[in-house]
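Worksheet: the structure to be examined is printed underneath.
Every number in this text was worked out from the coordinates using simple rules, so none of it is lab data. Being a predicted model, the structure only gives us computed values, none of them experimental. Quick reminder, even Gly has a Cβ in these numbers, built from the backbone with ideal geometry, and neighbours come from all protein chains shown.
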Amino acid sequence: MKTSLRSLAAAATLSVSAIALSALTMAGTAQAGATFDGVKQKGYVQCGVNLGLYGFSAPDDKGHWAGLDVDMCRAVAAAMFGDSEKVKYTPLSAQQRLPALQSGEIDLLARNTTRTLTRDTANGLNFGPTNYYDGQGFMVSAKLGLKSAKQLNGATVCVLPGTTTEQNVSDYFRANKMNFKPVVIEKNEELNKAFFAGRCDALTSDASQLAAIRAAEAQNPNDYVILPELISKEPLSPAVRQGDEEWTNLVTWAFYVMVQAEEKGLTSENVDNALTSPDPDVKRLLGVTAGNGKALNVDEKWAYNIVKQVGNYGESYERNVGAGSKLKMARGQNALYTDGGLMYAPPLK
Ligand SMILES: N[C@@H](CCC(=O)N[C@@H](CS)C(=O)NCC(=O)O)C(=O)O
């Protein structure tokens, strides 16, 4: 009796440890997901981007896609293939973007897309880390002499459908007991034209986009002002389909590499010298100490390739939307946490 009890207990311990062991093994070897495998097999990332939004995703003078969102696509390609050029771009309107991801037409959506609960759940998406913290604002003609969005009662407002913008603007007017007349136009280009032609008193959009539209499309940018109120939170984030953790992980950590590189002072210029750094975090980041690559099922040089080819987050920011661009956006909330911003990379270990 005693023996059999003991052997039962032993068997139970054995099976518990067998389960624990198999769980460990599972965690140790990355389970390849369909998107991860598909991307690897075809040799490029199919990235959904904006139809053309200066600073985020727009073709440059030479026809190369450039921008903060484009750099997200490039970082993932650098991690996966050691080559940031292994990306094909699918330009998408606001209304096309989610179906394009859900249907599998694209692998990654990096198109100034706000992370929301509904998109994260009912729409079947997963979001990577926010690559630009934004908020919705209003742009008006300077001639109107307005100082505040609170003066917009009765205004006609140009707004793009299929966006968080559309909902926020009605919430804002209702909350402030004001009326407005929406002018809803699906194509960005036509919407902006309508605004610049004077068909609406105000254009509403994420504030970074208002700055981009003003810089790239106004005949005289000084004729327009962006009102000071930000009426919403728009954490713009890359999105993937649910169901492929391996792919979600790669996208997530590819972005964190750029932030971590900035935290550590690593740039595309100095990253080669950093390969001999004695700092254990830098060694791990650059694959001098192996482990992170294996965990993500990519080459140990994955993060080095991102920093070398795409740069750290600050470099990407300044080049695309900051001092080195037409937008000249201050870092604001997009500064590192050490400078009072929200950019913070969890440990890459
Ligand atoms: N971040 C918001 C808005 C995204 C969006 O599509 N914004 C429009 C304007 S409201 C846009 O990208 N415009 C680019 C352009 O006008 O070129 C969302 O995810 O719904």
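For the pair LEU144 and GLN167 in one chain, pulling the backbone fully straight at 0.36 nm per residue adds 5.8 nm over the alpha carbon distance.
3J(HN,Hα) couplings calculated from phi for region 297-307 with the Karplus curve 6.51 cos²θ - 1.76 cosθ + 1.60 (θ = phi - 60°) are, in sequence order, 6, 10, 4, 4, 7, 3, 6, 4, 4, 5, 5 Hz; Gly and Pro show x. Put in order of Cβ neighbour count within 10 Å, fewest first, the listed residues MET139, MET329 become MET329, MET139.
Among residues other than GLN242 with Cβ under 15 Å from its Cβ, the summed charge is -2 (Lys and Arg +1, Asp and Glu -1). Taking 17 Å as the cut-off, the amide N atoms of region 326-341 that come nearer than this to a point 7 Å along the Cα-to-beta-carbon line of THR267 belong to 331, 336. The shape of region 34-146 comes out oblate: with a ≥ b ≥ c from the C-alpha gyration tensor, a/c is at least 1.5 while a/b does not beat b/c. Rounded to the nearest whole Hz, the Karplus-based 3J(HN,Hα) values (6.51 cos²θ - 1.76 cosθ + 1.60, θ = phi - 60°) of region 60-76 follow the sequence 7, 4, 8, x, 8, 5, 9, x, 5, 5, 4, 5, 5, 4, 5, 5, 5, with x at glycine and proline. Here the label points at ALA215 and ALA330, each 7 Å from Cα along the C-beta direction, are separated by 1.6 nm in the simple model. Between VAL183 and VAL157, CYS158, VAL159, the built amide H atoms are under 5 Å apart, and every one of these is 5 or more places off in sequence or on another chain.
Each residue of region 98-185 gets 130 Å³ once the volume of the Cα convex hull is shared out per residue.
Local charge for PHE81 was computed over the other residues whose Cβ lies under 13 Å away, with Lys and Arg +1 and Asp and Glu -1, and equals +2. Calculate the tail of P(r) for region 139-214: the fraction of all Cα-Cα distances greater than 14 Å, expressed in %. Of the Cα pairs, 58 percent sit more than 14 Å apart. Between LYS42 and LYS62, what FRET efficiency follows from the Cβ-Cβ distance if R0 is 22 Å, with the result rounded to 0.05? Efficiency for this residue pair is about 0.30. Annotation: amide H of PHE138 within the under-5 Å range of LEU227, sequence separation 5 or more or interchain, hydrogens built in the peptide plane.
In µm²/s, what is D for the chain at 4 °C and 1.567 mPa s, where D = kT/(6 pi eta Rh) by Stokes-Einstein and Rh is the Kirkwood radius from Cα pairs? Taking Rh from Cα pairs, D becomes 59 µm²/s.
Between SER316, SER268, SER103, find the one with the highest GNM mean-square fluctuation for the chain; connect C-alpha pairs within less than 10 Å. Maximum fluctuation in the GNM of the chain, among the listed residues, is at SER103. Distances between placed amide hydrogens fall under 5 Å for LEU53 paired with ALA58, all partners being 5 or more residues away or on another chain. Under the combined filter of DSSP loop state and at most 14 neighbouring Cβ atoms within 10 Å, region 102-200 retains these GluC sites (Glu not before Pro): GLU105, GLU186. Across region 252-268, computed HN-Hα scalar couplings (Karplus, 6.51 cos²θ - 1.76 cosθ + 1.60, θ = phi - 60°) run 4, 7, 4, 5, 4, 4, 5, 6, 4, 4, 5, 4, 8, x, 8, 10, 4 Hz from first to last residue, x flagging Gly and Pro. Residues in region 96-131 near a label at ARG174, defined as backbone nitrogen under 20 Å from the 7 Å Cα→Cβ point? Output list for this probe position: 116-119. Based on every Cα atom in region 150-299, Rg and the maximum pairwise Cα distance Dmax equal 22.3, 63 Å.
At an R0 of 35 angstrom, the distance between the Cβ atoms of ALA34 and TYR337 translates into a FRET efficiency of 0.50. With a Förster radius of 30 Å applied to the beta-carbon distance between ALA323 and LEU51, the computed FRET efficiency rounds to 0.70.
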